[in-house]
Structure formats: structure tokens, C-alpha cells
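To keep things clear, I will list the structure first and then write my remarks on it.
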Amino acid sequence: MRAWWLRDLGALALGIAVLVALSYALPALPIQGMAYYFRIIILIGINIVLAVSLNIINGHAGQFSLGHAGFMAVGGYLSAFVTYFYANPFLDALPAGPQKVVLQNVFFFGALILGGLSAAIAGYMVGLPSLRLRGDYLAIVTLGFGEMIRVVFLNIDKTGGARGFSGVPSWTNFFWVYFFAMATVVVSLRLVRSSVGRAFLAVREDEIAAEAMGVNTTRYKVKAFVIGSFFAGIAGGLTAHYLAYLNPDMFKFILSFEIIMMVVLGGLGSISGSILAAIILTFLPEGLRAVKNWFELKNDPRMVIYSIALIVLMRTRPQGLFGRRELWEIVARWRKVAK
Amino acid sequence: MQTLLQNLLNGIAAGSIYALIALGYTMVYGILKLINFAHGDVFMLGSFAGYYGAQWYARATHQSGAPAPSWGMALIILLLAMVVCGLFGYLNERIAYRPLRNAPRIASLITAIGVSFFLEYGGQFVFGADPKFFPTLIDKHLINFAGITTTNYQIIVLIVALFFMGVLQYIVYGTKFGRAMRAVSFNYETASLMGIPTDRITSLTFVIGSVLAAVAGILFGLSYPKIDPLMGIMPGLKAFAAAVLGGIGNIPGAVVGGILIGVIEAFVGGSAYSSYRDGIAFVILIVILLFRPSGLFGRHQKEKV
């Protein structure tokens, strides 16, 4: 039909309406400890953005990026910088009212996008060396870049340096988190089914063959890094404005590792797998905290259990939960078999 | 001139420790084409084995508190650490890496990271995250010559490191096992066709690498007595940079790379940019990977389709 974009616009409007409704309804639910669960729900949303964005780089394009936390840091710090030093003082001078709320959200959206763009630039700079490196080496270099980004922020005094950046306005709410979660998923889905996505998959499967078939592997690998890091930057901004605090120590390699665990557990290349794994692995630390209290352990066994679970997972089911397929494909196959 | 010599000596001593760890990285990569992320933590394990070994020794010889320094004790603790790490290296290979021999590379890499985290956070869990003080194994003496002050520790580090590198050189180039190791690192499948027990050789390589890391751990504990479960990360990364610098898969290259990185670090640390001391190894690594990925001594292997 002529106005093909009307369908998308309608879906967008519907999605936004649902989100707005949920963002009011959920906190008001009469479930005990709702505030606690609400916090987990927000964290799940942020982790979905992180996992799905990393899945674009690692799962669809087949590159091995261990530096996702660095991109998150870039986005977080830049968006916090914009809001703390510019947007918030401007808003403080305004009288309260619906105007202010709308403006705040507009500024927040703008700051997040700016954070995402700066993270995308960082992704571009990390993606460039990736042209020449194979899997293991690329992993080390991205790890190194992630750490370097962290050390850079450790030395910038304007944003707090080692003391951290406190006083970031806490503007993150359910709506924005899940708006961007949905955006990431939609972009990722559309991307993988487009010609760009096909190029990613070609690079993943066999880089030399892809190059021989005329796919500019350089361009597409960098593209994957840029898009993935953009959303990581958004996630960083969301985190910064949720915790109202940023510290370079939050973005060490172990954070990158946790995101990788989500993508690997869900299945490298599976968007629904990443979402499911993000949900599971956000709940897990809370559950493990209960384990620690139950057994009255002195130290936190969380990472030890994680690493053992990872080793066992790699031995028993290295393709993760869904492998490369999506949830709906698996369900469709079940139904076909069941008939 | 004196500061130059001082820095040089410090650098060579620290570099020897890096070299011992780098040897483990390079040997494992040569055979399995796998970067053993967990190797730096085997080094940490060696230090802790020495720490707890000293405590056990003190109890066994009925001393209270920290054991009295002696050469005999130092030797026993060194052997103990070597056994512990060698055993761990063997188990690591059997349990974590061998089942993934035919799996995609990313699975091995993730498993290696998993083992590394297991050691680090398991160490924090079991030993406690607080730093411990490595016992004094040998009495410390200051030595002055040519205007440089050094402790006998640095001389011991140099001599012990050189000794073990010499032993490794003999093993790799003078024994049948060594020839088998070289053959397997040249071409895995053909070596197995020639009747070499590749599984056993791989296990042996891991064990040797871990033993060297244990030696490095003890020497490190001797020189810098504060140890904690996360101490293996930075030296591990630097040693990996050293292995890549020398040409990963190349044994003399690892030694040269280690010493080079140690010396460069010492000079950077003694200069105006001393706060970048820890980062210089990373910079070297990235520069090498971008401009000469085969390292100083490695051969550039053409990728075959």
C-alpha cells in the first residue's frame, strides 16, 4: 500500500500508549514489595538493551567484543554531563507544571541520544582496528579498549574522576527504559532481516567467502560495532539517570562479562534468547543473595557460581538456550512436529 | 647513568617474572591456538600455594607465627607451589578445555574466561578478598655495587628465572617430549598421524606452563609481599602482551617480550609519565596487534581458505 509507514506509526503509537499505561499501573499494583520488583523490572529493561545490542555485534556479525561496558560508560557519562551541567540547571529555573515535565522528558531523550551517539563514535574507533584482527585477538583488543575508556573517565576531573559523578538527575522511569528496550529489539529485528543484516550474517559465517562475494566486510563490521555501541550508550545513560550516580569502577570488565553471559546463555545470534537470558540473569543475583543468607556464607558466592555455571554451560550446551534461532521459530517447529 | 642501570636492573627482574608467565601463554597458544585467559590466575594460585604452604610448614616444624626464613623452606614451598599449579593446569585442560577441542573457538574463549573468573572469585571466596602478606622465605640483604642499590631478591629472581628457562630450553629442544611438543605446535593433526600422543602432549604443555607460572608466583611473592586473589589479572595481561610482542607461539620470543616489557615499564615508571606505567603494556599490545601481529619473532601465517 502507499502509506506503508502508517502501519509502523500505528504500531508505535500503540506501543507508546501501552508503555505509558503500564508505567502508571505497575507501581500501583497491590503486590507486596512492589517497589523492589519494580526496581528489578527496570534493571531487566536496561539489561535487555545491553544484551540485544551486544547480540548485534557478537551474535549477528560474529565479532567478539569484550568491551561493551566501555561504550556504556561513554554514553552514561556524556548524557549525565549534558543533563547535570546544562539541562537540569535550565529546568530548575522554570516554574513547576506540565510544561516542565514535558521539557524534562524532551531533554532526557536528547541527552540519551547524545550519549548514544558518543558511544557510537567510540564504537567506530574500536571497530576500525577490528578490521585486521581475528577472534581471539579482537577479544583482547576490545577488552583493552573497554579498560582504557574506563581509565580515561577515571582521570577526568569534571565528571568526578575516581570519586564518581553524583547528583545526576534521576529521570529514568519505566517508560523510557522499555521504550528503548523495545526500540533496540525492533531495530535489531529489522536489521537482521534487511540486506545489512544479511551482510552481517555472511561476515559471521565465513568472512573470506563473504569478501569474495562482494560484501565489504570492513564496512559491515564497523557498522555492527557502531549500532551495538549506540544502544549500549543509551543503556549507560539510562543507568546513570537511574542510580543518579556514576563511577568508573562500575564499568570494569566484569560488567562486559555479565552482558556476554546473557548473550551466550540466550544463544549467540538469537534476539529472543538475549531477552530471555537478560531476564533470567537479572533475577539470578537476587536469588543468589538469598542463597548467601540461607547458608550464612561469609563471602559472596555469586561470581563463583556464575563461572562454574558458564563452564558447565559451555560443555553441555555451548549454543545457549535458543542457539541461533528465535523463540517463534522454535515454537513453530514444535507445533509442526506435534501435528 | 646510575638511574638508568637501576631501572634496567629492576626492569629485567620484573621482566623475568613476566617472561615465566608469558612462556605458559605462548606454549599453550602454540599447540591449541587458544589464549588461556586463566593463566594469570594460575600465577596467583602459585603465590597463594606458597602462602598457605608456609603456614603449613610453620605448623609442621612447630614454629609459632610466621616461619623463620631459610633456603630449605624456600625450596619446599617452591616445589609445593609447582605441584599445586601443575595439578591445576592438568585438571583445567582435562575438565574445561579438552571437551571443547572441536567446538567453535568462541566457546573455548568463553570457557577460558570462566575459568579465570572461577579462580579469581573463588579465590576471593575461599581466601577472602583482603590482601595477605607473603612470608619472608629468605633473609633480605642489600647489595651495593656501581652506585646501585639492590636486594639479593632481584638476583635470586634472575637466577631462578634463568634456571627454569634453561630447563625449559632443555626439555623443548633436548628431549623426545620436547620434539613432540614442537611437532604438535607445528601441525596438530599431522603430529597425531605420526604417532604422537597429542592428548598427552597437550596435558604436558599445560602442566609445564602452569609450573612456570607457579615459579613466577613464588618469585613475585618474594619481591612484592602483598598478595590478593585478584593479583593475577595485571601481570597476566602484561605477560600476554609480552607473549604477543615476542610472537605468540614462539618460546624465545616470550622471554624477550617479557624482559622488554619489564624494562619498558621500569623506564616509564621512573620517568615523568609514571602514572601510565600500568597502561604501557596495553598500548604495546595494541600497537603490536595493529602493526605487526606476528610479533618480533613470529612468522606471519597466511590464512588459508
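The values are calculated or read from the model by the stated rules, or taken from the named source; none is laboratory data. Keep in mind it's a predicted model, so treat the numbers as computed, not measured. Cβ placement follows ideal geometry from the backbone for every residue including glycine, while neighbour counts extend to all protein chains displayed.
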Q | Counted residues, the stretch B:116-136 - those being away from chain A (no Cβ under 14 Å), buried (at least 22 other Cβ atoms within 10 Å of the Cβ) and of a type in the set (D, E, K, R) | A | 0
Q. Tell me, which residue of the stretch B:104-129 that is within 20 Å of the chain's Cα centre (by Cα) and of a type in the set (A, V, I, L, M, F, W, C) is nearest to A:Glu205 (Cα to Cα)?
A. B:Leu109
Q. What pairs can you find where one residue is in the stretch A:87-110 and closer than 14 Å to A:Trp171 by Cα, the other is surrounded by fewer than 13 Cβ atoms within 10 Å (Cβ to Cβ), and their Cβ atoms are less than 6 Å apart, with a gap of 6+ or different chains?
A. A:Lys100/A:Leu94
(Q) Being away from chain B (no Cβ under 14 Å), in contact (Cβ under 8 Å) with a residue 60 or more places away in the chain and under 22 Å from A:Ile254 (Cβ atoms) narrows it down to one residue among A:Ala162, A:Ala120, A:Ala80; which is it? (A) A:Ala80
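Can you say whether A:Thr218 is among the polar types (S, T, N, Q), under 13 Å from the mean Cα position of the chain (by Cα) and either more than 12 Å from A:Asn58 (Cβ to Cβ) or outside any helix (DSSP H, G or I) (or both), as far as the supplied structure shows? Write out each step before concluding.
Details: among the polar types (S, T, N, Q): yes; under 13 Å from the mean Cα position of the chain (by Cα): no; either more than 12 Å from A:Asn58 (Cβ to Cβ) or outside any helix (DSSP H, G or I) (or both): yes.
Against the criterion (among the polar types (S, T, N, Q), under 13 Å from the mean Cα position of the chain (by Cα) and either more than 12 Å from A:Asn58 (Cβ to Cβ) or outside any helix (DSSP H, G or I) (or both)), A:Thr218 does not qualify.
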Q | Residues of the stretch A:123-139 that turn out to be at the interface with chain B (Cβ under 7 Å from one of its Cβ atoms), among the hydrophobic types (A, V, I, L, M, F, W, C) and more than 20 Å from the chain's Cα centre (by Cα), as a count | A | 1
Q.
I'd like the full set of residues that are more than 12 Å from every other protein chain (Cβ to nearest Cβ), in a helix (DSSP H, G or I) and hydroxyl-bearing (Ser, Thr, Tyr), limited to the stretch B:264-285.
A. B:Ser274
Q.
Condition check: within 14 Å of chain B (Cβ to nearest Cβ) and not in a loop (DSSP other than H, G, I, E, B). Does A:Asn58 satisfy that?
A. yes
Q. Out of (1) in a loop (DSSP other than H, G, I, E, B); (2) within 29 Å of B:Ala103 (Cβ to Cβ), the odd one out for A:Asp300 is which?
A. (2)
Q.
Just checking, does the stretch A:126-138 include any residue being in contact with a Leu (Cβ under 7 Å, 6 or more places away or on another chain) and among the aliphatic types (A, V, I, L, M)?
A. yes
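Being assigned to a helix (DSSP H, G or I) and at pLDDT 95 or above narrows it down to one residue among A:Ala232, A:Ala224, A:Ala209, A:Ala183; which is it?
Values: A:Ala224 fails: at pLDDT 95 or above; A:Ala209 fails: at pLDDT 95 or above; A:Ala183 fails: at pLDDT 95 or above.
Going through A:Ala232, A:Ala224, A:Ala209, A:Ala183 in turn, the sole match is A:Ala232.
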**Q.** From A:Val151, A:Val168, A:Val141, residue being assigned to a loop (DSSP other than H, G, I, E, B) and under 19 Å from A:Ala232 (Cα atoms)
**A.** A:Val168
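Can you go through B:Gly298, B:Gly253 and tell me which one is part of a loop (DSSP other than H, G, I, E, B) and surrounded by 18 or more Cβ atoms within 10 Å (Cβ to Cβ)? Talk me through it step by step, then tell me what you get.
Values: B:Gly253 fails: part of a loop (DSSP other than H, G, I, E, B).
Of B:Gly298, B:Gly253, the one residue that is part of a loop (DSSP other than H, G, I, E, B) and surrounded by 18 or more Cβ atoms within 10 Å (Cβ to Cβ) is B:Gly298.
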Q.
What's the total number of residues in the stretch A:286-324 that are surrounded by fewer than 17 Cβ atoms within 10 Å (Cβ to Cβ), more than 14 Å from chain B (Cβ to nearest Cβ) and within 20 Å of A:Ser274 (Cα to Cα)?
A. 2
Q: Please enumerate the residues belonging to the stretch B:138-177 that are in contact with a strand residue (DSSP E or B) (Cβ under 7 Å, 6 or more places away or on another chain) and among the basic types (Lys, Arg).
A: B:Lys140
Q. In the list A:Arg315, A:Arg289, A:Arg335, A:Arg325, which residue meets the criterion of being charged (D, E, K, R), free of Cβ contacts under 8 Å to residues at least 60 places away in the same chain and not in a helix (DSSP H, G or I)?
A. A:Arg325
